[in-house]
Amino acid sequence: MEKNDLFLRAKRVIPGGVNSPVRAYSAVGGTPIFIRDAHGSILTDSQNNRYIDYVCSWGPMILGHSHPEIVSAVCEAAGSGTSFGAPTEREITMAERIVEAFSSIEMVRMVSSGTEATMTAIRLARGFTGRDKIVKFSGCYHGHADSLLVKAGSGVATLGIPGSPGIPKSLAELTLTLPYNDAETVKSVFAANPGQIACVIVEPVAANMGVVLPEKGFLETLREETKNAGSLLIFDEVITGFRLCYGGYQTISGIRPDLTCLGKIIGGGLPVGALGGKREIMQHLAPAGPVYQAGTLSGNPLAMSAGIKTLDLLRTKDYAQIEQKTARLCAALGGIFRKKGMPVKINRAGSLFTVFFTGEDVIDYESAQKSDAALFARFFHGMLSAGINLAPSQFEANFVSFAHSDSDIDKTIEAAKKTIQAL
Ligand SMILES: *Cc1c(COP(=O)(O)O)cnc(C)c1O
């Protein structure tokens, strides 16, 4: 069916025609493609066009779409009942896999989305410390819970301004938003708020303002300041968990947070989230402790089956494979843009990358905002017409999966050459 007809029909009954805003192409214009099916690295839309997919459901599909072993694990689980509202052995297996992969995690609570994981982590940190204020960084996305949907101030430490109507000012004021990669501001905010900060939450590699890597010393400072102040350090590894290695960015950096949020990959494409950390903190969650949290579909058997199968397959994979493919793609893209005399900065962490249309290094939200989003939009649509599905915003990460072949990368480079020539 024609995508314009589908979008019109969708907009009549769904706000903006989509169930998550970025899908609507607001940042790049035009009409979103409607997906009919997906296999491996390839999406097919409602008009039978095929695309090499670099969105990968925003991260979960690290093994490619419709992986046969994951599909059969889900089908098998479905045949035995899709939800019980009672404990199952699969939930223990899932928690054991996560505990085994993360040295900072001793206990795990499964939830149904990354948003629930971060929301619960904040509540737990507040309940555990008896403090109300939290610190986050501008450009980091931690789902859409009220305390976390607070926008950047003016690049210095400011009291929070609600990032969305509907968030009470009194709640937003408790969220202190600081510039990413700015260790000095973190130190001064801790000095100015003694005994008041419950936690710092951070994407250890930022991937929701485009990919931005932590500078040397930044995460170390967060660890030190939180420890000295009796605050908790929360790593939001919803994207980075099992994306850069079998484990999290904490496995690579050696910096151990008090709490970790997971999602995306650990659900193998089904709705999931998880929160884990030290036993003494996790034991504060109900029913072991007083901090309440619950979920009708938490630990859902289909999600657990998809997740466990995904982790078991990932365990046997060599992450250098996807890293090298991504590095080759990024190097080729950089070369093509340079040849054309167009300034771009390509940030990459393992199999995550963003091409920023700016000549300046991108190290935080402010520098990311210097990108030419209009030029990006033209690049995006050129690539889409050439059969390459990139993330439809300048400020998002692109994802390479184990299903991407060398020939997919070659085709993507060829498409980029033609697209950039025409820009
Ligand atoms: C996607 C994402 C979330 C939210 O997860 P949902 O499952 O979409 O609620 C939280 N944190 C980060 C870093 C994410 O990328």
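The values are calculated or read from the model by the stated rules, or taken from the named source; none is laboratory data. Keep in mind that what you see is a predicted model, and the values were worked out from it rather than measured. Positions of Cβ are generated from backbone atoms using ideal geometry, with glycine treated the same way; all protein chains shown enter the neighbour counts. Accessible surface areas use protein heavy atoms only, side chains included; no ligands, DNA or RNA. Shrake-Rupley method; radii C 1.70, N 1.55, O 1.52, S 1.80 Å.
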Check your understanding: What residue, of GLY269, GLY230, GLY273, is open to solvent by 10 Å² or more (accessible area, probe 1.4 Å), within 18 Å of MET110 (Cα to Cα) and either in contact with a helix residue (DSSP H, G or I) (Cβ under 7 Å, 6 or more places away or on another chain) or at pLDDT below 95 (or both)?
Key -> GLY269
Exercise for review: Go through segment 37-54 and count every residue that is open to solvent by less than 20 Å² (accessible area, probe 1.4 Å), over 23 Å from the mean Cα position of the chain (by Cα) and of a type in the set (S, T, N, Q).
Suggested key: 1
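Of the residues that sit in segment 371-389 and are among the aliphatic types (A, V, I, L, M) and outside any loop (DSSP other than H, G, I, E, B), which one is surrounded by the fewest Cβ atoms within 10 Å (Cβ to Cβ)? I'd like the intermediate steps shown before the answer.
Narrowing segment 371-389 to residues among the aliphatic types (A, V, I, L, M): 373-375, 377, 383-384, 386, 388.
With outside any loop (DSSP other than H, G, I, E, B) added as a condition, the list becomes 373-375, 377, 383-384, 388.
Details: ALA373: 15, ALA374: 12, LEU375: 15, ALA377: 19, MET383: 21, LEU384: 21, ILE388: 22.
Looking at residues that are among the aliphatic types (A, V, I, L, M) and outside any loop (DSSP other than H, G, I, E, B), I get ALA374.
Condition test on ILE266, is it in contact with a Pro (Cβ under 8 Å, 6 or more places away or on another chain), among the β-branched types (Val, Ile, Thr) and within 15 Å of the ligand (Cβ to nearest atom)? Walk me through how you get there before you give the answer.
Details: in contact with a Pro (Cβ under 8 Å, 6 or more places away or on another chain): no; among the β-branched types (Val, Ile, Thr): yes; within 15 Å of the ligand (Cβ to nearest atom): yes.
Taking the combined requirement at face value, the residue does not satisfy it.
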Practice item. Under 8 Å between Cβ atoms, at least 6 apart or on separate chains: pull out the pairs that start in segment 311-331 with a residue that is within 24 Å of LEU390 (Cβ to Cβ) and in the same structural domain as SER407 (by TED's automatic domain parsing) and end on any residue that is of a type in the set (S, T, N, Q) and assigned to a helix (DSSP H, G or I). Key: LEU329/THR412
Practice item. Specify the residue that is farthest from ILE266 (Cα to Cα); the eligible residues are those in segment 305-348 that are charged (D, E, K, R) and part of a helix (DSSP H, G or I). Key: LYS339
**Study point:** Evaluation of ARG90 against (1) closer than 17 Å to LEU311 by Cα; (2) within 16 Å of the ligand (Cβ to nearest atom); (3) open to solvent by 70 Å² or more (accessible area, probe 1.4 Å) (one fails), failing number
**Key:** (2)
Practice item. Residue by residue through segment 200-213, note down the ones that are under 15 Å from the mean Cα position of the chain (by Cα) and either under 16 Å from LEU178 (Cα atoms) or open to solvent by 20 Å² or more (accessible area, probe 1.4 Å) (or both). Key: ILE201, VAL202, GLU203, PRO204, VAL205, ALA206, ASN208, MET209, VAL212, LEU213
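In segment 316-327, is there at least one residue being open to solvent by 20 Å² or more (accessible area, probe 1.4 Å), aliphatic (A, V, I, L, M) and closer than 30 Å to ASP372 by Cβ?
Taking segment 316-327 as the starting set, the residues that turn out to be open to solvent by 20 Å² or more (accessible area, probe 1.4 Å) are 316-321, 323-325, 327.
Filter again for aliphatic (A, V, I, L, M), leaving 320, 327.
With closer than 30 Å to ASP372 by Cβ added as a condition, the list becomes 327.
Yes, because at least one residue in segment 316-327 is open to solvent by 20 Å² or more (accessible area, probe 1.4 Å), aliphatic (A, V, I, L, M) and closer than 30 Å to ASP372 by Cβ.
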**Study point:** segment 273-287 residues that are free of Cβ contacts under 8 Å to residues at least 24 places away in the same chain, paired with ones that are among the hydrophobic types (A, V, I, L, M, F, W, C) (beta carbon under 9 Å, 6 or more apart)
**Key:** GLU280/PHE128; ALA286/ALA294
Check your understanding: Taking interchain pairs and intrachain pairs at least six residues apart, which have beta carbon atoms under 7 angstrom, with the first residue in segment 216-238 and in contact (Cβ under 8 Å) with a residue 12 or more places away in the chain and within 16 Å of the ligand (Cβ to nearest atom) and the second open to solvent by 10 Å² or more (accessible area, probe 1.4 Å) and aromatic (Phe, Trp, Tyr)?
Key -> GLU237/TYR249
Revision key, fill the gap. When GLY359 is run through (1) over 25 Å from ILE239 (Cα atoms); (2) open to solvent by 10 Å² or more (accessible area, probe 1.4 Å); (3) in a helix (DSSP H, G or I), the failure sits at (3)
Revision key, fill the gap. Note: among SER72, SER26, SER57, SER80, just one is more than 20 Å from SER385 (Cβ to Cβ), outside the structural domain of ILE255 (by TED's automatic domain parsing) and open to solvent by 40 Å² or more (accessible area, probe 1.4 Å), namely SER57
